[in-house]
1. Just to make sure I understand: if all protein chains stay in place, what is the order of A:Val42, A:Val320, B:Val7 by accessible area at 1.4 Å, largest first?
2. Per-residue accessible area for B:Ser49 at 1.4 Å probe radius, Å² rounded to 10?
3. Taking the Cα atoms only, what angle lies between the long axis of helix A:114-133 and the longest principal axis of chain A, rounded to 10 degrees?
4. As a test question: what accessible area, to the nearest 10 Å², does A:Ser64 have when a 1.4 Å probe is rolled over all protein chains in place?
5. Could you look at chain A and say what percent of its accessible area is carbon and sulfur, using a 1.4 Å probe and all protein chains?
6. Considering only protein heavy atoms, what is the solvent-accessible area of B:Asp97 at a probe of 1.4 Å, reported in Å² to the nearest 10?
7. Is the stretch A:273-409 best put as rounded, prolate or oblate by its Cα gyration tensor, with a ≥ b ≥ c the root eigenvalues, rounded for a/c under 1.5, and otherwise prolate when a/b is larger than b/c, oblate when not?
8. Dipole magnitude of chain B about its Cα centre, charges +1 at Lys/Arg Cβ and -1 at Asp/Glu Cβ only, in debye to the nearest 20?
Amino acid sequence: MTTDLNTVPAMPPGERARVPLSQRLQGLGGNTRQYGIFGALVVIILLFQVLTDGKLLLANNVASLFQQNAYVMILAIGMVMVIVAGHIDLSVGSVVAFVGGVVAVSIRDLDVPWVLAILIGLALGALVGAWQGFWIAYVGIPAFIVTLGGMLLFRGLALVIVGETVAGLPASFISISKGSLPNALGFVSNADVVTLLVGTLAFVGLLVSQLRARRSLRKHNLHMEASGLFVAKLVLVAAGIAILTVILSFSAGGTPIVLVLVGVLVVVYSFVMGRTVFGRHVYAIGGNRAAATLSGVNTRKVDFWIFVNIGVLAAVAAVVTTARAGAAIAAAGQNYELDAIAACFIGGAAVTGGVGRVAGAIVGALIMGVLNMGLSIMAVDPAWQMAIKGLVLLLAVAFDLINKRRAGS
Amino acid sequence: MTADQRVPLVAMHGITKRFGAIEALVDVDLHVHAHEVVALVGDNGAGKSTLAKMISGVLQPDAGMIEIGGEEVALPSPQAAHALGVATVFQDLALCDNLDVTANLYLGRELRSRFARDDGRMEESARRVLRELKSRIPSARTPLRNLSAGQRQAVAIARTLIGNPRIIVLDEPTGALSVAHTAEVLTHVQRLRDLGLGVILISHNMNDVRAVADRIEVLRHGRNNGTFDAATASYEDVLAAITGAVPLGRRTSSRHIAG
């Protein structure tokens, strides 16, 4: 007959001690790209901390790092989902200008309360996303074309709505981007207590979710990473959160409101991409669209909602951008799509789709943000700043590709 | 030929299918019992895949009747067929390279807990299925891109076992595999039979067929052209039925065999 019937079983129960070392390292290798990008961020921060004589990590600089880059992070979250599914969205910059214009005009000229204006903006973002999602998912036009059209269409509409700068927005609206959480609990030797509390809560939340995930693995008798490694990772993350929290607590305002906003979005979207059926289907579509379809995944519906989602996130970015500028201008959001796309690719997303993570995109956005800020503090000519950022993007993706090729063969 | 009097898992009677003017299948009968591997053989264009696609619900017959477990059924979609216990491994593997083994096994029918996927429960039963197949896949968390062609085929076969099917349809499972990987896949096919399932195996390769099949059904030009007991049938007889040649006339048959 053919072969012996006693081949090695897939996974003997009580596997933990028996997992060969090579396989353990391989399991670790799956995450090295993720660790690699975190490492790169730390190296770049340290490098600029030295080059700027310690100015980079001054409390107010760290706070404004988040305030300046919140829009990239928000857009990158939506963009990483689009890229993982194998698409691209070139329209987000124009959508930011369009939605920002509508929100500003509603507040100033139509006397709409700013909270309601924001809701209108979000609904408009969803509508824009549904429009593009329809052409991409149900008509089958490549996203590159649809969103290239959208880039022109929504920039044009922005120009129509915002003929001239719409300024004079209420202070409470502007504080979304420029404001911080109120220092309601006072100060401990100049450190804002609210910020310290937020940092502590963030860590406790992370700890609880990690422990719960671990308990679930144990319940099903599945392989867990060694507890030493688990604790080491937690300690590193705790140290990172602690450093950030303490620095921010000494900044002029404490915790920037946009940092809380971005933090909530990161948690929500990491969950969506990592733990839900929808997230799994996004990865499946990017990996092998035909296989996903044959397996019963409703690829059109997933595609559609991915674009509705990035439309909404572009509207959030529009609110943040308009609030930060204190006004809406038709040229707002210029090149934002490129910032978001760059953040995704620096953060390890694959051009071919199927690979990429929310956390990676955020780190990618932070790398670009730190570069911007560091080079600005060093008073590097903006022309050279642009050139340097271009090189960093190229090198990051090249590094990633070479790594993958080595691992693949 | 088989003396099995039990109700067959699948019985197809008088199946006819036309694509425009082409008669893909004419009045074809096929039945499969539990614990049985039925090989469906025939030359290119004989109608093997068309017949299989009707059991999988991908195509619907123009005439004829399909019974599953003795009851007449309609199979308007792959989902409907799957709900009735028919699982299919398509010729072009429907797998995602970027996902791990568990994710591929459950793709399109993920288990949910309250708010999220129930990854723990999925991985647990993925490992159980892989164990049942005694596959050599290192871990249910291995991404598909790190697996060999044979292991990927094992994942495709294991995927059919999710959701407790009764009938497995394998369309050319050894088509692009090396000798060693083919042997591995064939042992998986035998295990499916040992698990009590009915298996329909479509293949070009007579060696594979004779290694694992209990019965060989020949199609030629969309018609039944002979049933053989795999244990006793001679290679020449089966080949003659496939090509339509008279067993002795080797000269007339030689030009058909190439495919």
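1. Details: A:Val42 80, A:Val320 5, B:Val7 100 Å².
Putting A:Val42, A:Val320, B:Val7 in descending order of accessible area: B:Val7, A:Val42, A:Val320.
2. Probe radius 1.4 Å; accessible area of B:Ser49 about 40 Å².
3. It works out to around 50 degrees.
4. Near enough 30 Å² of accessible area.
5. Values: 13640 of 19340 Å².
Carbon plus sulfur share of accessible area: 71 percent.
6. 60
7. Numbers: a/c = 2.92, a/b = 1.35, b/c = 2.16.
Here the stretch A:273-409 falls in the oblate category.
8. Working: 29 positive and 29 negative charges, 130 e Å.
Dipole of chain B, to the nearest 20 debye: 620 debye.
The values are calculated or read from the model by the stated rules, or taken from the named source; none is laboratory data. Only a predicted model underlies this, so the values are computations on that prediction, with no experimental measurement involved. Because the Cβ atoms are built from the backbone with ideal geometry, glycine has one as well, and the counts that use them run over all protein chains shown. Quick note on the areas: whole protein, heavy atoms, side chains included, nothing else; ligands and nucleic acids left out. Shrake-Rupley method; radii C 1.70, N 1.55, O 1.52, S 1.80 Å.
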